[in-house]
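The values are calculated or read from the model by the stated rules, or taken from the named source; none is laboratory data. Computed from a predicted model, the values in this text were never measured in an experiment. Every residue, glycine among them, receives a Cβ derived from its backbone with ideal geometry; neighbour counts consider all protein chains shown. Keep in mind that these areas ignore ligands, DNA and RNA; they rest on the heavy atoms of the full protein, side chains included. Shrake-Rupley method; radii C 1.70, N 1.55, O 1.52, S 1.80 Å.
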Amino acid sequence: MDLSEKGWFSELLKSKQPPVPKEVSENKSEFIYKTIQPSGLMYGHPILPKEYVSEEFLGLDSNEKLKVVLLDGFVKTAVFPSDAVIPTDPDEYVSFMAKVIVEFYEHAYPDNNVKFTSFWGKKLSHEEIVEKIINDRLNTTQHNSFWGGFFNNSLLFLDVFFFGEWLAHPEHLRNSLIEQRDQTHQLLMEVMIAASYADSSLAEEEKELFVELMESVHLSDDRKEQLNKLLDTGHKLEKIDLSEIDTWILQKYFLELAILFVWADKIVTEEEKEFINQLGEKLGFNEDEIERSMAAIESFVVANWGKVSFLQEKNNFNVISEQFIQRITKVVNKNKNIISSEIKESKELMQLLMKSTKEDLTPEEQIIVRNQLIDILKILPTFVIIALPGSFLTLPLLMKILPDSALPSAFRKKK
């Protein structure tokens, strides 16, 4: 599939069956997080959703993958049960999505001057307009530095978030969308500036980075001037009013971007750890929720180490994976009674574990044990709505992190 050619929007949507809205148990924020977080859109580095992992998408470059995850984000936000009626006919579905995305950008970014006619005066279809909008939007996120690309690509997640709000409450947001967008961008910049000053200093290259970022966020001159002053004088977390960031998914977004930001240079100082804890508390999260966000970031890094070049450049895999193992072990020990109960309730798993004490399991049986143990981990609160890196969690590793008390007595002796 060539996403640089005209018609890519329709072709991409039609390559997947129009999703049929259905009742879900999560609230909207949890639904968005659970479906979009694994794609990397929140973190500025696209990872193709599993439904797009096929031969026709394997050759896509990073920018094309960004198109896929951005459009996938729009779709998944749109289909969350709401007052919006999503057509199930493929052609009507494409027309609907094109129309509402164009209307959203027309109101969210009026300064981009959305054009409805071609150079020759021909009236463009919504499909043609949305292709140009998304192409232009992605072009504004291209930066030479790693952090420039990371931060600006991650802002595309806010497009998806506000699109969902717009689709659910178009009249309510019609007059306030730009203000909400600008305020969110400014507060995110303030948090990043405060994070940079967490260890009481700001390196010259960090200042240069923020100057670069300031050129791409959509803010008024007054807001930019205010941020530049904070960049020069320093900023403290306690001076930032985050009361307007009152949606759970936005709070998670702020916290997890800050986590990624402070430890991407490999070294996390005690001051930076304290900053993350203070930010989490300021956003209304308890210690467990902050831990879950740390696990979400580490899980994303471990799962996608080979797919995102910056992870290999900026971090030591052994360090990050060991941190993640320690975090999983801590969570498992805290919930060992739940795990023990779940293992006992699975007759097949119990039989295979007991069999393994007498003879080696076949490769197929080992896969069954591994998959069932991962499924049990997924019911724990910390891992309910994050994507665990299945390929990383090998059976020997799972056996290492599971507490003895959660396993059959005969298996404990073997272990």
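Entry remark, the range 292-343: residues being outside any helix (DSSP H, G or I) and modelled with pLDDT of 70 or more number 1 in total. Of the residues in the range 229-243, how many are open to solvent by 50 Å² or more (accessible area, probe 1.4 Å) and at pLDDT 90 or above? Of the residues in that region, 6 qualify. When the range 98-109 is filtered for residues that are farther than 23 Å from GLU179 by Cβ and either in a loop (DSSP other than H, G, I, E, B) or open to solvent by 10 Å² or more (accessible area, probe 1.4 Å) (or both), only LYS99 remains.
Being free of Cβ contacts under 8 Å to residues at least 60 places away in the same chain, buried (at least 21 other Cβ atoms within 10 Å of the Cβ) and touching a Phe, Trp or Tyr at 6+ places or on another chain (Cβ under 7 Å) is a condition met by at least one residue of the range 265-287.
Each row is one residue, and each column tells you yes or no for (1) open to solvent by less than 50 Å² (accessible area, probe 1.4 Å); (2) modelled with pLDDT under 85.
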site	(1), (2)
PRO363	no, no
VAL384	no, yes
ILE401	yes, no
SER405	no, yes
SER409	no, yes
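Scoring PRO87 on the criteria (1) in a loop (DSSP other than H, G, I, E, B); (2) at pLDDT 85 or above leaves a single failure, condition (2).
Scanning the range 344-360 for residues that are open to solvent by 60 Å² or more (accessible area, probe 1.4 Å) and part of a helix (DSSP H, G or I) yields LYS344, GLU345, LYS347, GLU348, GLN351, MET354, LYS355.
Note on the range 4-35: residues that are open to solvent by less than 40 Å² (accessible area, probe 1.4 Å), modelled with pLDDT under 85 and aliphatic (A, V, I, L, M) amount to 1.
Of SER125, SER95, SER62, all but one fail to be at pLDDT 85 or above, polar (S, T, N, Q), more than 28 Å from GLN180 (Cα to Cα) and out of contact with any Asp or Glu (no Cβ under 6 Å at 6 or more places or on another chain); the exception is SER125.
One residue is enough: does the range 82-97 have a residue meeting the conditions under 22 Å from SER125 (Cα atoms) and in contact with a Ser or Thr (Cβ under 6 Å, 6 or more places away or on another chain)? Within the range 82-97, one or more residues are under 22 Å from SER125 (Cα atoms) and in contact with a Ser or Thr (Cβ under 6 Å, 6 or more places away or on another chain).
In the range 317-343, the qualifying residues are those that are charged (D, E, K, R) and closer than 13 Å to GLU291 by Cβ, and the one that is least open to solvent (accessible area, probe 1.4 Å) is ARG327. Consider the range 224-238 and keep the residues that are within 27 Å of the chain's Cα centre (by Cα) and charged (D, E, K, R). The one that is nearest to PHE162 (Cα to Cα) is LYS224.
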